[in-house]
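Enquirer: Quick one: the structure is below, questions incoming.
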Amino acid sequence: MDKLLIQGGTALSGEVAISGAKNAALPILCASLLTAEPLHFTNVPRLKDISTMMRLLGDMGVGVTLDGIDGLVLDGGGLNNPVASYEMVKTMRAAILVLGPLVARGGEARVSLPGGCAIGARPVDQHIKGLQAMGAEITVEQGYVHAKATRLRGARICTDMVTVTGTENLMMAACLADGETIIENAAREPEVVDLANCLVSMGARISGAGTAVIRIQGVDQLHGATHAIMPDRIETGTYLCAAAATGGDVRLLKTSAAYLDAVVDKLMDAGCEITVERDAIRLVAPPRLKAVSLRTAPYPAFPTDMQAQFMAINCIADGVATIRETIFENRFMHANELARLGADIQIEGSNAIVRGVDHLEGATVMATDLRASASLVIAGLVARGETLIDRIYHLDRGYEHIEEKLSKLGALVRRVH
Ligand code: UD1
């Protein structure tokens with residue numbers, strides 16, 4: 001199993017390009033199940049989760065062709081096997097995103113339940129409830145969701161909580177339903193908007209994406225299209241935190257601060273100077289960061305996917321920060337690992353109290369989930385001496401070429417096999 005070896009203590013500096021967004025690409029790839037015509041994508045990040053999704057779609061009969069460094073063509077003309085096995089779904093929960101499109105286009109889907117995962121129970125009851133409201137007959141047997149419908153019909157759906165993939169699944173299904181669907185309490189995440197833009201270019205009739213109420217007028221069929229995946233706001237935020245923690249000066253290219261207000265505000269509160277350009281962001285860190293408290297919540301509030309990275313920067317900041325996690329019930333596993341590097345963190349239910357220390361010391365630590373791994377990389381970059389991060393397959397699920405990108409910014413980091 002690969003590990004990452006980091007020699008801490010170098011301030012990051014220079015420029016690096018941000019990749020396409022994993023969480024936008026995953027649902028957008030599933031849109032290929034909605035049409036028999038090819039979809040051409042650019043800015044697709046080459047990540048483990050993306051290749052898992054390509055394999056899953058390929059198993060279902062979708063033609064998958066890589067095109068250059070970041071291009072991809074998906075052809076849903078040969079769709080013949082509407083099944084997502086446990087083997088696929090257990091490694092990537094986002095595989096549940098095939099459910100809505102499959103039942104909408106082919107009238108049938110058999111998709112494994114994701115089961116538990118490291119950061120909490122994460123049920124899919126809202127995805128199921130919404131499809132039932134659209135007339136799908138759903139049974140859950142032997143760990144599989146089996147959905148059937150002759151044609152879905154438009155419905156008014158109000159989800160019990162804001163769910164990102166739930167909104168995306170239902171929005172995709174509604175595109176081919178008979179009549180109008182209204183999704184209330186919809187997720188407003190920019191990735192939902194990117195998916196809606198792609199669906200509209202395929203002929204879907206959607207309004208309100210990016211607000212809490214999305215309206216979809218069903219159409220009989222969708223057609224082929226070309227779509228560029230939006231930049232990854234979480235990768236962008238992670239590199240900004242790495243620069244902030246190391247006292248660095250970096251310029252991130254091919255990205256936008258437009259979807260990062262909550263993160264940029266916190267970095268400025270921590271004392272960083274941030275310059276926003278049209279397609280780039282520059283961060284200059286202060287000699288020592290100030291502690292910043294935060295509370296995670298659905299977009300446009302502070303993203304849960306940036307919580308671990310901010311815990312890392314608070315570990316070496318001046319002062320005490322309280323971090324409150326409101327989305328997932330078990331998302332503080334990085335705290336114990338950060339403590340191995342000398343951090344002072346106290347967990348009280350869904351609050352973490354982080355007391356900044358003067359410095360961290362390198363140690364061997366273990367990545368427990370994707371964003372937790374990112375927090376360990378940031379801490380390792382600041383720590384004195386060597387940090388060895390085990391189980392970095394989590395990191396490879398969501399960060400493209402991480403060691404090349406960090407090395408380009410001057411970090412001393414290498415992968416060991
Ligand atoms: C997506 C993101 C993930 C991010 C999360 C929250 C993708 C591929 N993943 O995950 O990176 O951390 O949003 O921003 O886009 N819930 C239910 N029942 C449901 C659905 C959700 O109880 O049917 C709960 C979840 O357990 C969680 C909360 O709702 O507590 C939000 O989850 P959700 O927004 O669905 O997360 P994902 O879409 O899985």
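The values are calculated or read from the model by the stated rules, or taken from the named source; none is laboratory data. Predicted, not measured: the structure shown is a model, and the values here were computed from it. Heads up, the Cβs are rebuilt from the backbone with ideal geometry, glycines too, and the neighbour counts pull from every protein chain shown.
Enquirer: Against the condition within 16 Å of the ligand (Cβ to nearest atom), part of a strand (DSSP E or B) and either among the charged types (D, E, K, R) or within 27 Å of Gly410 (Cα to Cα) (or both), how does Arg215 come out, does it pass?
Expert: Considered against the rule, which asks whether it is within 16 Å of the ligand (Cβ to nearest atom), part of a strand (DSSP E or B) and either among the charged types (D, E, K, R) or within 27 Å of Gly410 (Cα to Cα) (or both), Arg215 comes out as no.
Enquirer: Checking the structure you have, find out if any residue of the range 136-148 is assigned to a loop (DSSP other than H, G, I, E, B), out of contact with any strand residue (DSSP E or B) (no Cβ under 9 Å at 6 or more places or on another chain), without any contact (Cβ under 8 Å) to a residue 40 or more places away in the chain and surrounded by 20 or more Cβ atoms within 10 Å (Cβ to Cβ).
Expert: Checked against the condition, which is being assigned to a loop (DSSP other than H, G, I, E, B), out of contact with any strand residue (DSSP E or B) (no Cβ under 9 Å at 6 or more places or on another chain), without any contact (Cβ under 8 Å) to a residue 40 or more places away in the chain and surrounded by 20 or more Cβ atoms within 10 Å (Cβ to Cβ), the range 136-148 yields no hits at all.
Enquirer: Also, quick follow-up: Being over 23 Å from the mean Cα position of the chain (by Cα), within 12 Å of the ligand (Cβ to nearest atom) and within 30 Å of Gly77 (Cβ to Cβ), is that true of even one residue in the range 140-148?
Expert: We begin by selecting, within the range 140-148, every residue over 23 Å from the mean Cα position of the chain (by Cα); these are 140-148.
If we keep only those that are within 12 Å of the ligand (Cβ to nearest atom) as well, we get 145.
Narrowing the set further to residues that are within 30 Å of Gly77 (Cβ to Cβ) leaves 145.
So far as the range 140-148 goes, yes, one or more of its residues are over 23 Å from the mean Cα position of the chain (by Cα), within 12 Å of the ligand (Cβ to nearest atom) and within 30 Å of Gly77 (Cβ to Cβ).
Enquirer: Since Val111 meets every condition but one in (1) touching a His at 6+ places or on another chain (Cβ under 9 Å); (2) of a type in the set (A, V, I, L, M); (3) farther than 28 Å from Arg331 by Cα, which condition does it not meet?
Expert: Tallying (1) touching a His at 6+ places or on another chain (Cβ under 9 Å); (2) of a type in the set (A, V, I, L, M); (3) farther than 28 Å from Arg331 by Cα, Val111 fails exactly one: (3).
Enquirer: Looking at (1) of a type outside the set (D, E, K, R); (2) modelled with pLDDT of 95 or more; (3) under 19 Å from the mean Cα position of the chain (by Cα), find the lone condition where Gly247 falls short.
Expert: Checking Gly247 against (1) of a type outside the set (D, E, K, R); (2) modelled with pLDDT of 95 or more; (3) under 19 Å from the mean Cα position of the chain (by Cα), the one that fails is (3).
Enquirer: Could you tell me which numbered condition Val354 fails, if it satisfies all but one of (1) among the hydrophobic types (A, V, I, L, M, F, W, C); (2) under 18 Å from the mean Cα position of the chain (by Cα); (3) crowded, with 23+ Cβ neighbours inside 10 Å?
Expert: With respect to (1) among the hydrophobic types (A, V, I, L, M, F, W, C); (2) under 18 Å from the mean Cα position of the chain (by Cα); (3) crowded, with 23+ Cβ neighbours inside 10 Å, Val354 is out only on (2).
Enquirer: Out of the residues in the range 115-135 that are under 21 Å from Thr326 (Cα atoms) and in a loop (DSSP other than H, G, I, E, B), which is modelled with the highest pLDDT?
Expert: Looking at the filtered set, the residue picked out is Val124.
Enquirer: Right, another one. Assuming Leu113 fulfils every condition listed in (1) more than 16 Å from the ligand (Cβ to nearest atom); (2) over 22 Å from Ile234 (Cβ atoms) apart from one, which condition is it?
Expert: (1)
Enquirer: Within the range 278-317, can you find the residues that are over 16 Å from Val250 (Cβ atoms), over 20 Å from the mean Cα position of the chain (by Cα) and of a type in the set (A, V, I, L, M)?
Expert: Ala291, Val292, Ile316, Ala317 - these are the residues of the range 278-317 that are over 16 Å from Val250 (Cβ atoms), over 20 Å from the mean Cα position of the chain (by Cα) and of a type in the set (A, V, I, L, M).
Results for (1) over 26 Å from Pro231 (Cα atoms); (2) of a type in the set (A, V, I, L, M, F, W, C), shown as yes or no for each residue.
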| residue | (1), (2) |
| --- | --- |
| Leu338 | yes, yes |
| Leu341 | yes, yes |
| Ile347 | yes, yes |
| Val354 | yes, yes |
| Ala367 | no, yes |
| Asp390 | yes, no |
| Arg397 | no, no |
| Glu404 | no, no |
| Lys408 | no, no |
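Enquirer: I would also like to ask the following. What tally of residues in the range 233-286 results from selecting those that are assigned to a loop (DSSP other than H, G, I, E, B) and farther than 19 Å from Val382 by Cα?
Expert: 10
Enquirer: Which pairs have Cβ atoms under 6 Å, sit 6 or more apart or on different chains, and link a residue in the range 300-322 that is farther than 14 Å from Gly380 by Cα to one that is of a type in the set (S, T, N, Q) and within 16 Å of the ligand (Cβ to nearest atom)?
Expert: Close Cβ pairs (under 6 Å, with a partner that is of a type in the set (S, T, N, Q) and within 16 Å of the ligand (Cβ to nearest atom)) amount to Phe302/Thr296; Thr304/Thr296; Gln307/Thr296.
Enquirer: Okay, next question. Take the conditions crowded, with 24+ Cβ neighbours inside 10 Å and in contact with a helix residue (DSSP H, G or I) (Cβ under 7 Å, 6 or more places away or on another chain) and apply them to Val44. Does it pass? Talk me through it step by step, then tell me what you get.
Expert: Working: crowded, with 24+ Cβ neighbours inside 10 Å: yes; in contact with a helix residue (DSSP H, G or I) (Cβ under 7 Å, 6 or more places away or on another chain): yes.
When the stated conditions are applied, Val44 passes them.
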